[in-house]
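Taken together, the values in this text are just the output of simple stated rules run on the coordinates, not laboratory data. Everything numeric in this text was worked out from a predicted model, so none of it was measured. Cβ placement follows ideal geometry from the backbone for every residue including glycine, while neighbour counts extend to all protein chains displayed.
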Amino acid sequence: MVPVFEVTARERSIAAARHTLDEVHSTAVGRPASDADLSHVSSVVAIVASSRGGSSLLHQILSDQPDVLSIAGEHTALYKLNRLDRGRDGSDALEPDVEFDWTAFSRDFMSLLGSGRVCPTATVGDRLRYTAVVTRRLALQWPLEEIAFATVREAVDRTAETCARPDEPDALFADVLRHLRATHPRIDPSFYDLPPAFRSTASDAGLHLPHDGYCIEEPPFVVPQARTAADRGALRRRPVVIKSSVDAYRLPILRRLMPNARIRVIHLTRNPAASVNGLYDGWRDRGFFSYDVSDQHTLSIDGYSELGEAARRWWNFDIPPGWEKLVDQPLEWVCANQWAGAHRSVLDTLGPDTADDVLRVPFEQILDPATRERTLRSVFAFAGIPQPTRPVSFPVVMATARPRPARWRQRADLVLPAVDRPGVRDVADELGYRKGEEDQWV
């Protein structure tokens, strides 16, 4: 049974976010195209993977293309906003017939969907549209702050006059946050996916939450960007690229969300050692908090729970089925089961009922310069996206440390035994990451 304080935190946060989102929606500039909803989406490209499997990078590469519609970051926050959070067993796996308000979800999704990049400060109208984008994101990130549209508008107007690099999204938004903190000092830039130069110094007093509410959007928070909104014509012509780590457990729901779309699934794999190492870093980093599970268990995860009170309450990343058996296990075992759980679910549920087309892509082939161009060409062709005319850039997205090949080898003595555990090894073998070939893993 969920205790009263947890229900209150969740419902209070969702209600506060809804209040702000409704305020933005009431403004003409903050309203998505009235003639478009998710029933008009003709093509979906869903990237499914385990957490720390490279999906953020691939999603960003595809989203940067001019003929693609996408949401910045994951759409997990929209699941939570619409109470599509944890299933009956407390995991991220939802029943295919779970009830939800499709109209509300569609409106929320459309309000964040866009393409390309536009200068957010070129005209008064551009600033108003950017204000709406920022206010929506802040409602998901800091729901209990209830940061009003007018407050954000004032911060954006002041930033437009002072920011030296208004065309650079990180610099612009960091300046907006600086102005907003005058009235909302609890906003903490260290919880954003910003370059270190734009973040405040995180507290060294153990892990701590960004706020006292329910994490609708999970940190590190996405930096809002001004983009061209999607209308019905765009939904018919362009693919919608989506990615959420929990979709590994929710493939049957995608057809309910976008009922008339052709669904293409890119199953992105990555060797378990690299993914487990990335998960291990993420659990001990400043963000990635997903749920307070203290109503069911006090976490006693060696390698994590000693980092403070929050680390005894808050689960990080996705919650696989059977998670209750992991609450007192070493962190590397938890991470290995998260990797295996996500891919096991994808392997078990991918089929004609959940996807029209499937492409499995090893992330290593994107990282390797020798195979990168050929692999990305196959991805673009599969997704129905025109081939880029210029070399694809590789942005650093949601990283906990400077990316480098085979970084996991520094923790090999910890990671490899976890990969060899029953259940994990079976999935690794099925995906082609076989024992004895670890020296080839990057």
- Percent antiparallel among DSSP beta bridges confined to the chain, rounded to 5, stands at 25
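Can you figure out the FRET efficiency of VAL98 with ALA15, using R₀ = 22 Å and their beta-carbon distance, to the nearest 0.05?
0.60
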- Task: Evaluate the Debye formula for the chain with equal point scatterers sitting on the alpha carbons, no solvent, and hand back log10 of I(q)/I(0) at q = 0.07, 0.08, 0.12, 0.13 Å⁻¹, in q order, two decimals.
- Result: -0.32, -0.43, -1.04, -1.25
- Task: Label the stretch 181-323 by shape, choosing from rounded, prolate and oblate, from the square roots a ≥ b ≥ c of the eigenvalues of the Cα gyration tensor; if a/c is under 1.5 it is rounded, and otherwise prolate applies when a/b is larger than b/c, oblate when it is not.
- Result: oblate
- Task: Among GLY384, HIS75, TYR280, pick out the residue whose Cα is farthest towards the positive end of the charge dipole of the chain, where Lys and Arg carry +1 and Asp and Glu carry -1 on C-beta, about the Cα centre.
- Result: GLY384
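Sort largest first and round to whole Å: the equivalent ellipsoid semi-axes of the stretch 141-231, each the square root of five times a Cα gyration tensor eigenvalue. Don't skip to the end; give the middle numbers.
Details: eigenvalues 95, 50, 40 Å².
Semi-axis lengths for the stretch 141-231 are 22, 16, 14 Å.
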- Query: Using θ = phi - 60° and the Karplus form 6.51 cos²θ - 1.76 cosθ + 1.60, what ³J(HN,Hα) does each residue of the stretch 75-86 get, whole Hz, x for Gly and Pro?
  - Reply: 9, 4, 4, 6, 4, 5, 4, 9, 6, 9, 9, 9
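Please get the size of the charge dipole for the chain, origin at its Cα centre, with Cβ charges of +1 on Lys and Arg and -1 on Asp and Glu, quoted in debye to the nearest 20. Please list the in-between numbers first.
Numbers: 54 positive and 61 negative charges, 241 e Å.
The calculation lands at about 1160 debye.
I'd like the FRET efficiency for THR8 and GLU146, computed as 1/(1 + (r/R0)^6) with the beta carbon distance as r and R0 of 25 Å, rounded to 0.05.
That pair, THR8 with GLU146, gives E of 0.95.
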- Message: For a quick check: with amide H placed at 1.01 Å from N, whose amide H comes under 5 Å from ARG262's, ignoring anything fewer than 5 positions away on the same chain?
- Response: SER43, VAL44
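State to the nearest 20 debye the size of the charge dipole of the stretch 268-436 about its Cα centre, where the only charges are +1 on K and R beta carbons and -1 on D and E beta carbons. Please list the in-between numbers first.
On the way: 21 positive and 23 negative charges, 176 e Å.
It comes to approximately 840 debye.
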- Hey, which lysines would be in cross-link range of LYS80, C-alpha to C-alpha under 22 Å, not counting anything within fewer than 8 residues on its own chain? LYS243
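Given 10 °C and 1.306 mPa s, how large is the Stokes-Einstein diffusion coefficient of the stretch 293-378 in µm²/s, with Rh as the Kirkwood radius over Cα pairs?
Translational diffusion coefficient: 102 µm²/s.
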- Item | Choice from ASP89, ASP188, ASP101 with maximal GNM fluctuation in the chain (Cα, 10 Å cutoff) | ASP101
- With the dipole of the stretch 93-248 worked out from charges on the C-beta (+1 for Lys and Arg, -1 for Asp and Glu) around the Cα centre, which of VAL118, VAL98, VAL246 lies farthest toward the positive end? VAL118
- Task: Using θ = phi - 60° and the Karplus relation 6.51 cos²θ - 1.76 cosθ + 1.60, list the HN-Hα couplings for the stretch 53-70 in order, rounded to whole Hz, with x at every Gly or Pro.
- Result: x, x, 5, 5, 5, 5, 4, 5, 4, 5, 5, 6, 7, x, 9, 10, 9, 7
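With n ≥ 4 as the cut-off for DSSP H runs, can you work out [θ] at 222 nm for the chain, using -39500 (n - 2.57) per run divided by the number of residues, rounded to the nearest 500? Mind showing how you got there, number by number?
On the way: 15 runs with 172 residues, N = 442.
Theoretical 222 nm ellipticity from helices: -12000 deg cm²/dmol.
If Rh is defined by the Kirkwood formula over all Cα pairs and Rg also comes from Cα, what ratio Rg/Rh do you get for the stretch 268-436?
Answer for the stretch 268-436: 0.99.
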